[in-house]
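**Q** I have a structure here, written as structure tokens, and I will follow up with some questions on it.
The values are calculated or read from the model by the stated rules, or taken from the named source; none is laboratory data. In this text the structure is predicted, and so the values were computed from the model without any measurement. Backbone-built Cβ (ideal geometry, glycine too); neighbour counts: all protein chains shown. Protein only, heavy atoms only, side chains kept; ligands, DNA and RNA dropped before computing areas. Shrake-Rupley method; radii C 1.70, N 1.55, O 1.52, S 1.80 Å.
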Amino acid sequence: MKKENKKISNGVNKDLPKAYNPQDYEDKIYGEWEKSGYFNPDICVRKGICEKNAKPFTIIFPPPNITDKLHLGHGSNLAIEDLLTRYHRMKGYRTLWLPGTDHAAIATQNVVERKILKEEGKTRHDLGRAKFLKKVWDFAKVTQVTILKQSRKMGASLDWSRQAFTLDEPRKKAVRKMFVEMYKEGIIYRGERIVNWCPRCHSTLADDEVNYKEQKAKLYTFKYSRDFPFAIATTRPETKLGDTAVAVNPKDKRYKKYIGKIFAIDFVGVPLKLKIIADRNVDMKFGTGAVGVTPAHSMVDWQMAEANRLPIVKVINEEGKIKNNFGKYSGKGVLAAREIIAEELKKQKLLEKEEEMDNNLSICYRCGTPIEPLPSKQWFVSVDKKLKRLGDKSLKEKAIEVAKTGKIKFIPERFTKKYLDWMENLHDWCISRQIWFGHEIPVWYKDKEIYVGEEIPKGKGWVQDEDTLDTWFSSGMWTFSTLGWPDDFKNRKKSGDLTNYHPTQVLETGYEILTLWVSRMIMMSEFALEEIPFEKVYLHGMVLDKQGKKMSKSKGNGIDPIDVINKYGTDAVRLSLLIGNTPGNDTRVFEEKIAGFRNFTNKLWNISRYIITNYELSITNLKIDYKNCTLADNWILEELDEVRFLVDKKINSYEFSAAGEILRDFTWDKFADWYLEIAKIEGDKSNILIYVLKNLLILWHPFMPFVTEAIWQEMGNSEFLMVEKWSKVGSSISVGVDVRDGGGVLRKDEMNLIKDIIISIRNARAENKVEPGKKVKAIIYAGRLKNLVESQVDLIKGLRTGISELEIKENGPKIKNEIYLTVAGVEIYLIGAIDREKEKERIKKEIANLKKMISLTEKKLENKEFTAKAPAEIVKKEEEKLKSWQEALEKLKK
RNA sequence: GGGCUUAUAGCUCAGUUGGUUAGAGCGUCACGUUGACAUCGUGAAGGUCAGAGGUUCGAACCCUCUUAAGCCCACCA
């Protein structure tokens, strides 16, 4: 690294600025990382960073939609996955994190359509397919570049050499192959079915792309004609033009006699032939208990029609208008037709009732237009057909099995149930979409002939299917289409990246697409590779604003990741996304929170700055002389060991927040506020300080990669921290020392006592309003702890206790009218500092507190059931507590 | 209608098999600033763990009900 005008000694920068400025480091460091090639696991192997036969750790990044730049939700994705990636890379895994973007067919097409309409006043039909698609691609390129730039800004250690797009050439090939293979296996079929049709988007919508809107609707109760024996009720009279039956409940006595009969009648000028059928699902209490059946324009009715072999009459066309041959209604919009028919019924005195009711209107999830259920020829994936390659199980059964047997685990657990519920109710998946932007369907037609294949058929006159594929069809293949499938899968055997990196280890994504995406990935991977796509599914919550509202553009409450990165630094943004939330739950993020973590970043910087500038760094030869370790030295090394163990454990159980909090507490409280202050008193500790610091940087690196790498390099390390080995718990390979093996004695409790004494003294001084500058004399009766306390005189005097003179005895007479404290049996007098009133108050408060505790514990222990039924160790603990409180109380009372 | 989540300090949240005097960060208040850091330090105040019952020697935690906020699914002719 270049160092200009800086004090450099042995590669160490001794001239660090007072505050960490992320801008000075982030882009530069990211550039260096990227140049090193270490984001690519193959290069790590080649350069000896990672062993060739090391266990793989793969995450495929959930590809963001190219509809827009990244928001904080993606930031959360990136932060979590980068944490996992960096952690495993440092742990020695062959670690791959693969980036990409999603073409998001409908969503993208819609954004561009809206844009064109706004800017040019044109629709996609005005432009035509080719010109429109060019516009979409132009748009896609721009957002894609932004997305990739943003990901780099987040510090993501993604392997850019493997970057993929759901609609690039390799993925197109994979999609064609998949379609053809599924077709050959007979699980892709073409059929007519009622689909959710959006008359505005001119496309079918999957069930989960339909939204509902509560609204008031009119319920019309009427007779079809005078010749028809009873009335029906409907909110959509216009569809009744296509009725071919009337359904009643088989138990309904009112209508029993009509079941099976056929009525030929005239309905507002249109002839209808209605069969009376029985169906259990008809609610006798709703309306008149009789339902007009319109097979062509209702899902439920379609099913009834199939069951009863009813004819199907289409009334509404793709524009949402009444079809031809319906007399004066033809060409009218559905709403207009409804009004006219209602009028007509009124005229004919057939309308019995018109009432308001609550209704759930189906609307398009993109544009909000009411959905028209229409019969249409579509391509489907059968989820129920048994497949030989899946051991005579269907896709659905297989996808259920892997979750039930725990082959795929969901974190948190509860999502297993959600997944299974959804999976068990799954119907065949409609994969064709009537939009232009997306994967073309590899099907060609010539007259009545049909050709399904990966290549364009030979000969003239073939016309390709105009539809495109559901976006989830290509993103469902994401774990393996990015890893070389189908080229690396000849004769049903994996090779290349597929062998090395599939199945992946974790899929980390938002819970909102558990059903949409995760389920499809599982089915498609099972179909193509006969293996699971990932071992674990970690689901994170949504990122909300301070009020707990979803961040959205229209509300203007969103935080742009780049804005806050520029303001507070990437590390602070990452921490605010990682710390303070738990798996599967939503999390609120706001600037004050990010600012808090910026402060922490700076704290770590200054801890390092202090050590780097004040101590001589000998990085290569770090030996800790255990024989000469002080109590505090032993303590901090023990604490570090424990922190290392805990952080490891927490990361492995996906409790990133807990891991971060443990680290923060150690860094700020134990290391900075206590140990560094102690080091100033106890003299040279460069080896221990550097040892702890290096370990801290290693532990923090997955959370905050930039500042840790920056410090690491300023310390004169030649290799990147990014590829430094994560220390094994208890043995610190990275810096060549080991606390336990070195003969360290566990002395945490002793140090905690000394800390308590110091805190109590500070506390008592503050409560007695002793001026901070005033030095006082202290007398300590330490009993059997005399030697321990005596050995720590320097600390007791030096750590902001304001004690100038300290006398330590085993015991002695009570000293009247002085500040008096007890800490675990150790009695402390502060001489000449008392404020009688304040001290009296303080003692009174303490006695009251002790009395309260004593009486509570006594009651507990007097309870025979407690002593009999509670475990012995709990009882013993209570007894010990009681004893120590009683002793303290005795001493205070004297 | 079915299911899920959340409710703990002023705010944001921890609290993993029931045993703590219920914690952290921010904020507030008091004091301080000694050369790593005011993006700082020391200390304090602040909680009927949403409510009501129950199980238990013992409940923030387990069970039942209630209330409130939010989400998902199904569906309403």
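**Q** From (1) open to solvent by 20 Å² or more (accessible area, probe 1.4 Å); (2) within 16 Å of RNA strand B (Cβ to nearest atom); (3) not in a helix (DSSP H, G or I), pick out the condition that doesn't hold for A:D24.
**A** (3)
**Q** Given the options A:K353, A:K385, A:K377, A:K409, name the one that is within 29 Å of A:T468 (Cβ to Cβ), open to solvent by 70 Å² or more (accessible area, probe 1.4 Å) and in contact with a strand residue (DSSP E or B) (Cβ under 7 Å, 6 or more places away or on another chain).
**A** A:K377
**Q** Within segment A:163-176, identify whether any single residue is farther than 30 Å from A:I80 by Cα, modelled with pLDDT of 95 or more and not β-branched (V, I, T), and answer yes or no.
**A** yes
**Q** Right, something else. Which one of these is surrounded by fewer than 19 Cβ atoms within 10 Å (Cβ to Cβ), closer than 22 Å to A:K883 by Cβ and under 53 Å from the mean Cα position of the chain (by Cα): A:S791, A:S760?
**A** From the options A:S791, A:S760, the qualifying one is A:S760.
**Q** Looking at segment A:442-456, is at least one residue within 26 Å of the chain's Cα centre (by Cα) and under 29 Å from A:K173 (Cα atoms)?
**A** Of segment A:442-456, the ones within 26 Å of the chain's Cα centre (by Cα) are none.
Checked against the condition, which is being within 26 Å of the chain's Cα centre (by Cα) and under 29 Å from A:K173 (Cα atoms), segment A:442-456 yields no hits at all.
**Q** Moving to a separate point now. Return the residues of segment A:647-659 that are near RNA strand B (Cβ under 10 Å from one of its atoms) and either in a helix (DSSP H, G or I) or hydrophobic (A, V, I, L, M, F, W, C) (or both); say none if nothing qualifies.
**A** A:K649, A:K650, A:S657, A:A658, A:A659
**Q** Any chance you could count how many residues in segment A:110-129 are part of a helix (DSSP H, G or I) and open to solvent by 80 Å² or more (accessible area, probe 1.4 Å)? Please lay out each step first, then the result.
**A** Step one: list which residues in segment A:110-129 are part of a helix (DSSP H, G or I), which gives A:110-120, A:124-127, A:129.
Restricting the remaining residues to those that are open to solvent by 80 Å² or more (accessible area, probe 1.4 Å) gives A:114-115, A:117-119, A:125-126.
So the answer is 7.
**Q** Still on this structure, please answer the following. Considering only segment A:759-873, give the helices (runs of 4 or more DSSP H) lying wholly within it that have at least 2 residues that are within 11 Å of RNA strand B (Cβ to nearest atom).
**A** Output list reads A:836-862, A:864-869.
**Q** Can you tell me which residue in segment A:388-400 is nearest to RNA strand B (Cβ to nearest atom), limited to those that are buried (at least 16 other Cβ atoms within 10 Å of the Cβ) and not aliphatic (A, V, I, L, M)?
**A** Ranking the qualifying residues of segment A:388-400, first place goes to A:K396.
**Q** Related question: State whether one or more residues within segment A:255-265 are more than 9 Å from RNA strand B (Cβ to nearest atom), crowded, with 21+ Cβ neighbours inside 10 Å and within 15 Å of A:L350 (Cα to Cα).
**A** no
Rundown of residues vs (1) at pLDDT 95 or above; (2) within 11 Å of RNA strand B (Cβ to nearest atom), yes/no style:
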| position | (1), (2) |
| --- | --- |
| A:S554 | no, no |
| A:N566 | yes, no |
| A:R574 | yes, no |
| A:P583 | no, yes |
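**Q** Of all residues in segment A:521-543, which are open to solvent by 20 Å² or more (accessible area, probe 1.4 Å) and under 20 Å from the mean Cα position of the chain (by Cα)?
**A** A:E535, A:K536, A:M542
**Q** Does A:I363 satisfy the criteria of being modelled with pLDDT of 90 or more and either within 16 Å of RNA strand B (Cβ to nearest atom) or part of a helix (DSSP H, G or I) (or both)?
**A** Answer is no for this residue.
**Q** Filter segment A:160-216 for residues that are assigned to a strand (DSSP E or B), out of contact with any helix residue (DSSP H, G or I) (no Cβ under 9 Å at 6 or more places or on another chain) and open to solvent by 10 Å² or more (accessible area, probe 1.4 Å) and give the result.
**A** Listed by number, the residues that qualify are A:R190, A:G191, A:E192, A:W197, A:V210, A:N211, A:Y212, A:K213, A:E214, A:Q215, A:K216.
**Q** Restricting attention to segment A:474-519, which residues are open to solvent by 10 Å² or more (accessible area, probe 1.4 Å) and within 16 Å of RNA strand B (Cβ to nearest atom)?
**A** Answer for segment A:474-519, where residues must be open to solvent by 10 Å² or more (accessible area, probe 1.4 Å) and within 16 Å of RNA strand B (Cβ to nearest atom): A:Y511, A:E512, A:I513, A:T515, A:L516.
**Q** Pick from segment A:669-684 the residues that are more than 7 Å from RNA strand B (Cβ to nearest atom) and acidic (D, E): which of them is surrounded by the most Cβ atoms within 10 Å (Cβ to Cβ)?
**A** A:E682
Matching residues to (1) on the phi > 0 side of the Ramachandran plot; (2) more than 16 Å from RNA strand B (Cβ to nearest atom); (3) without any contact (Cβ under 8 Å) to a residue 40 or more places away in the chain:
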| position | (1), (2), (3) |
| --- | --- |
| A:A19 | no, no, no |
| A:I43 | no, yes, yes |
| A:A54 | no, yes, no |
| A:L70 | no, yes, no |
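**Q** Touching a residue at least 24 places away in the same chain (Cβ under 8 Å), open to solvent by 10 Å² or more (accessible area, probe 1.4 Å), within 16 Å of RNA strand B (Cβ to nearest atom) and in a helix (DSSP H, G or I): is that true of A:T601 in this structure? Break it down stepwise before answering.
**A** Numbers: touching a residue at least 24 places away in the same chain (Cβ under 8 Å): yes; open to solvent by 10 Å² or more (accessible area, probe 1.4 Å): no; within 16 Å of RNA strand B (Cβ to nearest atom): yes; in a helix (DSSP H, G or I): yes.
When the stated conditions are applied, A:T601 does not pass them.
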